[in-house]
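K.L.:
Mind having a look at this structure? Questions to follow.
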Amino acid sequence: MRGKMPGDELRLGPFIGGLNTGSDPTAIADAELAECLNFELDIDGSLISRPPLKEIAGAGSFTQRIIFLCEATFTGTTYLIASNVDGVYHYRADTNAWTLITSSFQAAAAVQYADKVYLVSKPGSGNGGKWDPSGGFTAVAAIPKGQAAVILKERLFIVPGVDSTTNSSRLSFSDVGNLDSWPGTNFIDVGQGDGTKLIDITVFQNNLLLFKNQATYSFAYDTNPAEATLIRISNTIGVDKQFNMVNYENQVYIFHNGWVYELVGYDFNRLNTKVPFIRDDTAPSSFAAENVFVSTLEDRLVCRFYRNIYVFGLRTRTWSEWESVENNLHYFGPILTIHPETGNRYFAGSCLTANESIIECYDKHAVGNKEQTIADTSVLITCSAKTKNFDLAISHKFKRLFWWGADVLTGKDVAGSI
């Protein structure tokens, strides 16, 4: 836009600062946006549409929402392990086929080790066990119940999780190389009796990070976990529930009390100061426990906060918001990445208890990738961006608005207002 002389040229974009909703629209930088819906910043500084979402299973598939837990690979075939109140399932992405592994319990975590998938039972459910495609499911009553698990130095470590009612601060671990063996002395209580629960766990720099409600610990050992060094690295930052922590390359990202933190080394860096999350719990039906989560989708950090979806570009370091007009697509749950030879794929259940949808998330637009429901109904992705407020009534600076424009590549209508 250009004002009548005397005046200044007003350049709009590129909006390399991304979304800024924490400041007044008059105070944000010229390169920031007051609204950035279904757009994201490309590495060249341009705004592009978010990738599409596709419903690949709908009503009648299950009795309630499904939760994806882990990827497993056997003889070149990739399986997705998922669970709900009806039991544990595996899904083959190459055949789009679901198979029930067991109906004896609901799993809350799963890991692959020694050509078996070890299934950790959710607190309050039946005994866990192990599974492989050729041998089937075998119950292992000794595996502790919990909601997060990792393998480190040939041992399986399990934390009890937010739904635990006993020993809620207990870190349990198996014998070396034998994940069926869980002696009664193989545990350490972390911050026992502090009124909080041990919720999540991850491997970080060959050590363990342990997350409670209001604290984070580093757990390091050489050969015997009972002789480990336990250091509290934060007295105030932890995680609120399951799926509030995710790894990306050499970083760990967590959600805590409305804020997203990046853990670099052992320092916490808040990421969404300019984009404070807004709670909107209006939904077509009740939210499941996964109403708040963080997941990765290629080079993106996807953060659900009830109804709203905030997305952080891990390469561009900018925020945007996502939304779908189709409820089954909009209310997806935690995203699981699988790594078949044909290229990464991304799957999610629903964050609504009664929603039986399975969503495949794409990381980019490509031939055949479009936003659609299980009924093959195409859904429009409506993108909108709003700049800061410019006061064009300042007579000595902007006398008259002659023209404005945008360089847009699209097959759909483009509307602009000022």
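K.L.:
Roughly how many nanometres apart are two label points built 7 Å out from the Cα toward the Cβ at SER384 and VAL408?
P.N.:
1.2
K.L.:
Let me ask something else about it. About the Cα centre of region 144-212, how large is the charge dipole given +1 on each Lys and Arg Cβ and -1 on each Asp and Glu Cβ? Please answer in debye to the nearest 20.
P.N.:
Once rounded to the nearest 20, the dipole reads 80 debye.
K.L.:
To continue, here is another question. Run the numbers for ASN178 and THR236: contour at 0.36 nm per residue of separation, minus the present Cα-Cα distance, in nm.
P.N.:
17.3 nm
K.L.:
Let me ask something else about it. Extending each Cα 7 Å along its Cβ direction at ASN269 and THR165, get the distance between those two points in nm, one decimal.
P.N.:
Each label point lies 7 Å from its Cα, and together they span 4.3 nm.
K.L.:
What full-extension length gain, to one decimal in nm, is calculated for GLN251 and ALA415 as 0.36 nm per residue of separation minus the Cα-Cα distance?
P.N.:
55.1 nm
K.L.:
Pairs to check: LYS122/LYS212; LYS388/LYS412; LYS54/LYS364; LYS122/LYS197. Give those whose C-alpha atoms are more than 23 Å from each other in this structure.
P.N.:
Flagged as over cut-off: LYS388/LYS412.
K.L.:
Using Cα centres only, tell me the gap between region 309-327 and region 47-89 in whole Å.
P.N.:
Value for the Cα centre distance between the two parts: 21 Å.
K.L.:
When only alpha-carbon atoms count, how far does region 154-303 stretch along each of its three principal axes, as whole angstroms with the largest first?
P.N.:
That gives 46, 34, 30 Å along the principal axes, largest extent first.
K.L.:
Once you have a ≥ b ≥ c as the square roots of the Cα gyration tensor eigenvalues for region 17-98, tell me rounded if a/c is under 1.5, and otherwise prolate or oblate according to whether a/b is larger than b/c.
P.N.:
Prolate, since a/c reaches 1.5 and a/b exceeds b/c.
K.L.:
A further question follows. If R₀ is 56 angstrom, what is the calculated FRET efficiency for the pair THR75 and ASP391, using the beta carbon separation as r and rounding to 0.05?
P.N.:
Efficiency for this residue pair is about 0.25.
K.L.:
Using just the C-alpha positions of the chain as equal point scatterers, what log10 of I(q)/I(0) does the Debye formula give at each q in 0.06, 0.08, 0.11, 0.12 1/Å?
P.N.:
Result of the Debye calculation: -0.28, -0.49, -0.86, -1.00.
K.L.:
When the chain is fully extended, how far beyond the present Cα-Cα distance does SER285 get from THR63, taking 0.36 nm per residue of separation?
P.N.:
Between SER285 and THR63, full extension yields 78.5 nm more.
K.L.:
Now a separate question. For region 330-385, just say rounded, prolate or oblate: build the C-alpha gyration tensor, square-root its eigenvalues into a ≥ b ≥ c, call rounded for a/c under 1.5, and beyond that prolate if a/b exceeds b/c, oblate if not.
P.N.:
It comes out oblate by the Cα gyration axes.
K.L.:
Within region 54-76, name every residue whose backbone N is under 15 Å away from a label modeled 7 Å from Cα of THR99 along the Cβ vector.
P.N.:
Flagged as within label range: 72-76.
K.L.:
Still on this structure, I have one more. Of all trypsin sites (Lys or Arg not before Pro) in region 190-286, which ones are in loop regions per DSSP and have a Cβ with at most 12 other Cβ atoms within 10 Å?
P.N.:
Sparse-neighbourhood loop trypsin sites (Lys or Arg not before Pro): ARG279.
No lab work stands behind these numbers, since they all come straight from the coordinates. Since the structure is predicted, the reported quantities are computational estimates derived from the model, not experimental observations. Backbone-built Cβ (ideal geometry, glycine too); neighbour counts: all protein chains shown.
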